[in-house]
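Inspection log for the structure reproduced underneath, given as C-alpha cells.
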Amino acid sequence: MPNIVALKLSCARSPGTGTGTGAGGDNGSLVLVALDQLALQQQINANFIFHAISNYKKTPFERKTLDFIAKKWLHLQLLWREFRLRDKQIRRVGHKDSHCQEHGYFQQELFELVHDKYMAARGCLSRDKRNLLARDPPAPLVFAQPTK
C-alpha cells in the first residue's frame, strides 16, 4: 500500500525547505525548520491513524467484541485529538510569518484527507457496535422465586 501521506507531502514541498535560508533571515529559517518538524510529526501521526483504521477493518468480525471496539475507538480518538492539536499549532506558527503560508503543509489537503478517513472509521465502529448490540440483546433479569 502506498504511503498516502508521504505522497501528499512530497507533492507539496515548500520553497526553500532544507536550504537553511528563509525570508526573514535567521528567524525566518528557524520558523521554517520548526514548521518542517511539526509537519513531519503530523505526517507520522496521520500514518498512525491510517494504520489504525486499516488494521481495524482487517479484523474479522468474530474478534470484534464491545470491549475490542471500545479500545479501538479510544485509540483512534487519542490519535485524532493529537492530530487536531498539532494542526492548530502548525497554523499558529504559520500565521506568525507570511512567508510560512507558502509551506507545503498549507498547500496540501492532509487535514481534510485524515478527517474524512477518521469520520468514515467512526461510522464503521459505530455500525459494528450497533450490530453487536442488536445481535446480542442483554439477558433479561431473572428474580428468584421465594421458596415455601
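The values are calculated or read from the model by the stated rules, or taken from the named source; none is laboratory data. All figures in this text were calculated on a predicted structure; none of them were measured in a lab. Neighbour counts are summed over all protein chains in view; Cβ atoms, including those assigned to glycine, are modelled from backbone coordinates with ideal geometry.
State which residue pairs qualify: first residue assigned to a loop (DSSP other than H, G, I, E, B) and inside the stretch 45-65, second residue modelled with pLDDT under 95 and not β-branched (Val, Ile, Thr) in any location, beta carbons under 6 Å apart, and separation of 6 or more residues or different chains.
Lys64/Asp128
Looking only at the stretch 29-59, which residues are in contact with a Cys (Cβ under 9 Å, 6 or more places away or on another chain) and either of a type in the set (Lys, Arg) or crowded, with 20+ Cβ neighbours inside 10 Å (or both)?
Scanning the stretch 29-59 gives Val31, Leu32, Leu35, Ile53, Lys57.
Which count do you get for residues in the stretch 107-133 that are in a helix (DSSP H, G or I), of a type in the set (D, E, K, R) and touching a residue at least 40 places away in the same chain (Cβ under 8 Å)?
Count: 4.
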